[in-house]
Amino acid sequence: MFPHYSYPPLGFFGLALNVLFGGRRSFHRDGQLCIERLKPPLRVHGRGNIPQSGPCLITFNHYYRPGFDAWWMALGIAALVPVEMHWVMTGELTYPGKWYAPLGMAGSRWLLKRISRIYGHTTMPPMPPRPKDMEARARSVRETIKFARQHPQAIIGLAPEGGDQPGGVLNWPFSGAGRFILMLAEQGFPILPVGAYEENGDFCLSFGPAYQLQASLGDEAGEKDRVVVRAVMKKISEQLPLRLRGQFA
């Protein structure tokens, strides 16, 4: 048994108009409208840890099961955080193994680019990394760091895994995720872990306390990447049921 997820008709129609004709929308408000329709209601743990203002980098797992749309994680977090967040979102859906993948990928690139402009978010090429995306990925990282510098009180949302994980079990992000998070931390952004999962028919979000990365991370770039990823994913795992923690249990 899973929760019932649905979208507000007027909100969906309004977003469609914005996609076609432009304009800006509040992701915080759209998240609230969607979460209000969730049955049973969203179950929240660690409500006292929800940031009321920035700076803050919210990191969360990329929960997955067939039939669950990943954007519900972002909608839920955005609905609970009382200010507009800046999200690092995928710029393309890949549809692995599907006959319609080429058409779906092209269509999703257009749609997600429009949506990112409507909400003011930053898109990132999909995972796993593809050689052709190296320049675009580096540009997305630079844009996010630039945003953080220009908005030092912002709250930024990021799923380090960057894609669906088998069985929804927490997995290691791809190379570079740790260095990206470290760059944001060096801009003065504390990190706050969130666990997203479904349990006993409920959609659940668990907020942990914010923390700072330790100063001693090693000298070599690859070592820093691994150390940061291990620390970040371990904190996320502590907000998840044991069955979803994977290697970070």
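Checking each residue in segment 51-104 for being in a helix (DSSP H, G or I) and modelled with pLDDT of 95 or more picks out TRP72, MET73, ALA74, LEU75, GLY76, ILE77, ALA78, ALA79, LEU80. Residues in segment 22-41 that are among the basic types (Lys, Arg) and assigned to a loop (DSSP other than H, G, I, E, B) were compared, and the one that is farthest from GLU198 (Cα to Cα) is ARG24.
Whenever a residue of segment 91-117 is closer than 19 Å to ARG137 by Cβ and in contact (Cβ under 8 Å) with a residue 24 or more places away in the chain, its partners that are part of a helix (DSSP H, G or I) and of a type in the set (Ser, Thr, Tyr), lying with C-beta atoms within less than 9 angstrom and at least six residues away or across chains, give the pairs GLY91/SER108; GLY91/SER116; GLY91/SER140; GLU92/SER108; LEU93/SER108; THR94/SER108. Listed by first and then second residue, the pairs with beta-carbon distance under 8 Å, at least 6 apart or on different chains, first residue in segment 194-222 and more than 21 Å from TYR64 (Cβ to Cβ) and among the small types (Gly, Ala, Ser), second at pLDDT 85 or above and surrounded by 19 or more Cβ atoms within 10 Å (Cβ to Cβ), are ALA210/PRO51; ALA210/CYS56; ALA210/ILE191; ALA210/LEU192. When segment 141-164 is limited to residues that are surrounded by fewer than 19 Cβ atoms within 10 Å (Cβ to Cβ) and either in contact (Cβ under 8 Å) with a residue 40 or more places away in the chain or among the aliphatic types (A, V, I, L, M) (or both), the one that is farthest from SER53 (Cα to Cα) turns out to be ASP164.
Among the residues of segment 115-129, the ones that are surrounded by 15 or more Cβ atoms within 10 Å (Cβ to Cβ) and not in a strand (DSSP E or B) come to 10 in all.
From VAL44, VAL19, which residue is surrounded by 13 or more Cβ atoms within 10 Å (Cβ to Cβ), of a type in the set (Val, Ile, Thr) and either part of a helix (DSSP H, G or I) or at pLDDT below 95 (or both)? Result: VAL19 is the single residue among VAL44, VAL19 that is surrounded by 13 or more Cβ atoms within 10 Å (Cβ to Cβ), of a type in the set (Val, Ile, Thr) and either part of a helix (DSSP H, G or I) or at pLDDT below 95 (or both).
Taken over segment 207-236, the residue count meeting the criterion of being at pLDDT 95 or above, touching a Phe, Trp or Tyr at 6+ places or on another chain (Cβ under 8 Å) and crowded, with 16+ Cβ neighbours inside 10 Å is 3. Each residue in segment 9-39 was checked for being closer than 16 Å to GLU84 by Cα and free of Cβ contacts under 8 Å to residues at least 40 places away in the same chain, and 2 of them qualify.
Taking the residues in segment 233-243 that are touching a residue at least 40 places away in the same chain (Cβ under 8 Å) and touching a helix residue (DSSP H, G or I) at 6+ places or on another chain (Cβ under 6 Å) as candidates, determine which candidate is nearest to PHE174 (Cα to Cα). My answer is MET233. Pairs linking a residue in segment 166-192 that is free of Cβ contacts under 8 Å to residues at least 60 places away in the same chain to a residue that is among the polar types (S, T, N, Q), with Cβ atoms under 8 Å and 6 or more positions apart or on different chains, are PHE180/THR144. Just to be sure before I move on: is GLN239 among the polar types (S, T, N, Q) and surrounded by fewer than 17 Cβ atoms within 10 Å (Cβ to Cβ) in the structure I sent? No: the conditions fail for GLN239.
Taken together, the criteria exclude GLN165 from residues that are farther than 23 Å from MET127 by Cβ and not basic (Lys, Arg). Any residue at all in segment 187-205 that is assigned to a helix (DSSP H, G or I) and either of a type in the set (Gly, Ala, Ser) or surrounded by fewer than 20 Cβ atoms within 10 Å (Cβ to Cβ) (or both)? Looking through segment 187-205, none of the residues is assigned to a helix (DSSP H, G or I) and either of a type in the set (Gly, Ala, Ser) or surrounded by fewer than 20 Cβ atoms within 10 Å (Cβ to Cβ) (or both). Looking only at segment 143-168, filter to residues that are within 9 Å of HIS62 (Cα to Cα) and not charged (D, E, K, R); which one of those is nearest to the chain's Cα centre (by Cα)? Of everything passing the filter in segment 143-168, ALA159 is nearest to the chain's Cα centre (by Cα).
The values are calculated or read from the model by the stated rules, or taken from the named source; none is laboratory data. Note that the coordinates shown come from a computational prediction; the quantities given were computed from them, not determined experimentally. Ideal geometry is used to build each Cβ from the backbone, glycine not excepted, and the neighbour counts take in all protein chains shown.
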